[in-house]
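Working notes, beginning with the structure itself.
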Amino acid sequence: MADDMETSFQAAIDAGKINGAVICATDAEGHFVYDKAFGERTLLSGEKLPQQLDDVLFLASATKLLTTVAALQCVEDGLLTLTGNLSSIAPELAAKQVITGFSDDGETPLLEPPRGAITLEMLLTHSSGLVYHFLNPHVMKWNDKFAPLQDGERRPVEKAFGFPLAFHPGESWMYGPSLDWAGRIVERVTGRTLGEHMQLRIFDPLGINSAQFNPVTREDLRARLVDLNPDDPEALGRIVLGGDGEPNKRSQGDFGGHGLFMAGEDYVKILRSLLANDGKVLKPATVDDMFEHHLSPEATAGHKAMLASPMGVFFGVGTDPERKAGHGLGGLLTLEDADGWYGERTLSWGGGMTLTWFIDRKNGLCGVGAVQAAQPFDGDVAAELKQTFRHDIYRKHAAWKLQQQT
């Protein structure tokens, strides 16, 4: 595919590989703005409409950044600390043991007490020991054996992620449901649902009214909901997850790791607020801390090993595996410059297989790119288009800056 977004995305649309896309990027001052919707979306009736910037998207794991902000607001409010013991707030976490395998007959899990306590900082950096069951064979076996999901069953965070830890807290790194637990902790200390807290403390200050956790029930949002279509009549966000909508189908309550829907043009408002460090959702010092490396030496080693592994392509979110990277509060953190691209301490992550976002404070740029994939899902095309967005937006920004100088 070509290097520029317009050509690449249109070619993928013409080939039937994707239905469309929503791209929103800006600098801190709002002087450089690139907002574009490509292609069409299909309504539940089968009618097609042009893709719009205010169409409501399934954020999937891009929800995690907003849960991070919500948790850090609780730290600012004195309700939580980054490194304190959470046992009084989340005794279920304190009771978790570390699974190391199973007995020779395969029936009895081998468990040992954790060497330390899980902290909020560990939850926000995926170094808590909580991992998605499908990423660890011991946890998967435990889940299948002791907590099988029944047909039609919906589970709150505590039951959905009730399995043991895959490693001792703070001693390695693996992607998992830590942000779902962080969201529940926010709910417990604030007395509000996560959605209510985000609306009050993140969305209202930024003029955002397009967000709702699964299930989306607001009729004004359902009318703009990309994932309410003949391929996804329950609006579970199936295609964002590569054709599988199970997380939303099985969840009960607000899941801070994956459950939010909102417009791309609104999501970029949050990115820009953090980029500009305007104090609207977090204090400047808190935002500065988000862009620091927050893993322990042991967790850093685990993170580095994971980025170098075959799964590293998913956790590197488009960065070169040879390039130095760590983990900030909210996403992957680059630790060196990439020529003509991400500056040192760029924070980035994604959502499912189709969405990606970044905040580059050094170069003064942020953006979100959401590919609206088609069935059958082509993961290679989606990955290539996300990478085209990540790089071409920098070329467009550089060309704009050059034009300002002439």
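The values are calculated or read from the model by the stated rules, or taken from the named source; none is laboratory data. This structure is a prediction, so every number in the text was calculated from the model and none was measured. Neighbour counts are summed over all protein chains in view; Cβ atoms, including those assigned to glycine, are modelled from backbone coordinates with ideal geometry. These area figures cover heavy atoms from the full protein model, side chains too; ligands, DNA and RNA do not enter into them. Shrake-Rupley method; radii C 1.70, N 1.55, O 1.52, S 1.80 Å.
Quick rundown of the values:
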quantity: Test: residue in the stretch 252-273 that is of a type in the set (S, T, N, Q) and either more than 22 Å from Thr356 (Cβ to Cβ) or surrounded by fewer than 16 Cβ atoms within 10 Å (Cβ to Cβ) (or both); calculated: yes
quantity: Val33 being under 26 Å from the mean Cα position of the chain (by Cα) and open to solvent by less than 50 Å² (accessible area, probe 1.4 Å); calculated: no
quantity: Residue list for the stretch 290-320, filter: open to solvent by less than 30 Å² (accessible area, probe 1.4 Å), part of a loop (DSSP other than H, G, I, E, B) and in contact (Cβ under 8 Å) with a residue 60 or more places away in the chain; calculated: Phe291, His294, Leu295, Gly318
quantity: Some residue of the stretch 70-77 being out of contact with any Lys or Arg (no Cβ under 7 Å at 6 or more places or on another chain), in a loop (DSSP other than H, G, I, E, B), of a type outside the set (Gly, Ala, Ser) and surrounded by fewer than 16 Cβ atoms within 10 Å (Cβ to Cβ); calculated: yes
quantity: Residue satisfying condition, being open to solvent by 50 Å² or more (accessible area, probe 1.4 Å) and at pLDDT 95 or above, within set Arg395, Arg390, Arg323; calculated: Arg395
quantity: Residue count for the stretch 331-370, restricted to those that are assigned to a loop (DSSP other than H, G, I, E, B) and either open to solvent by less than 10 Å² (accessible area, probe 1.4 Å) or over 26 Å from Asn136 (Cβ atoms) (or both); calculated: 18
quantity: Residue that is in contact with a helix residue (DSSP H, G or I) (Cβ under 9 Å, 6 or more places away or on another chain), at pLDDT below 95 and open to solvent by 40 Å² or more (accessible area, probe 1.4 Å), where the choices are Pro247, Pro205; calculated: Pro247
quantity: Pairs with Cβ under 6 Å, 6+ apart, first in the stretch 225-236 and within 12 Å of Ala374 (Cα to Cα), second aromatic (Phe, Trp, Tyr); calculated: Asp227/Phe58
quantity: Restricting the stretch 119-144 to residues that are in contact (Cβ under 8 Å) with a residue 12 or more places away in the chain and more than 21 Å from the chain's Cα centre (by Cα), the residue that is surrounded by the most Cβ atoms within 10 Å (Cβ to Cβ); calculated: Val139
quantity: Criterion: closer than 18 Å to Phe9 by Cα, surrounded by 14 or more Cβ atoms within 10 Å (Cβ to Cβ) and of a type in the set (Val, Ile, Thr) - qualifying residue of Thr63, Thr26, Thr67, Thr42; calculated: Thr42
quantity: Residue match in the stretch 91-100 (condition: surrounded by 14 or more Cβ atoms within 10 Å (Cβ to Cβ), among the basic types (Lys, Arg) and over 23 Å from Pro215 (Cβ atoms)); calculated: yes
quantity: Members of the stretch 361-397 found to be in contact (Cβ under 8 Å) with a residue 60 or more places away in the chain and among the acidic types (Asp, Glu), listed by number; calculated: Asp378, Glu384, Asp392
quantity: Residue that is of a type in the set (D, E, K, R) and within 17 Å of the chain's Cα centre (by Cα), where the choices are Lys324, Lys304, Lys362, Lys386; calculated: Lys386
quantity: Residue ranges of helices (runs of 4 or more DSSP H) in the stretch 92-181 with at least 1 members more than 23 Å from Leu260 (Cβ to Cβ) and not β-branched (Val, Ile, Thr); calculated: 137-146
quantity: Residue match in the stretch 225-232 (condition: closer than 20 Å to Lys386 by Cβ, open to solvent by 10 Å² or more (accessible area, probe 1.4 Å) and within 17 Å of the chain's Cα centre (by Cα)); calculated: no
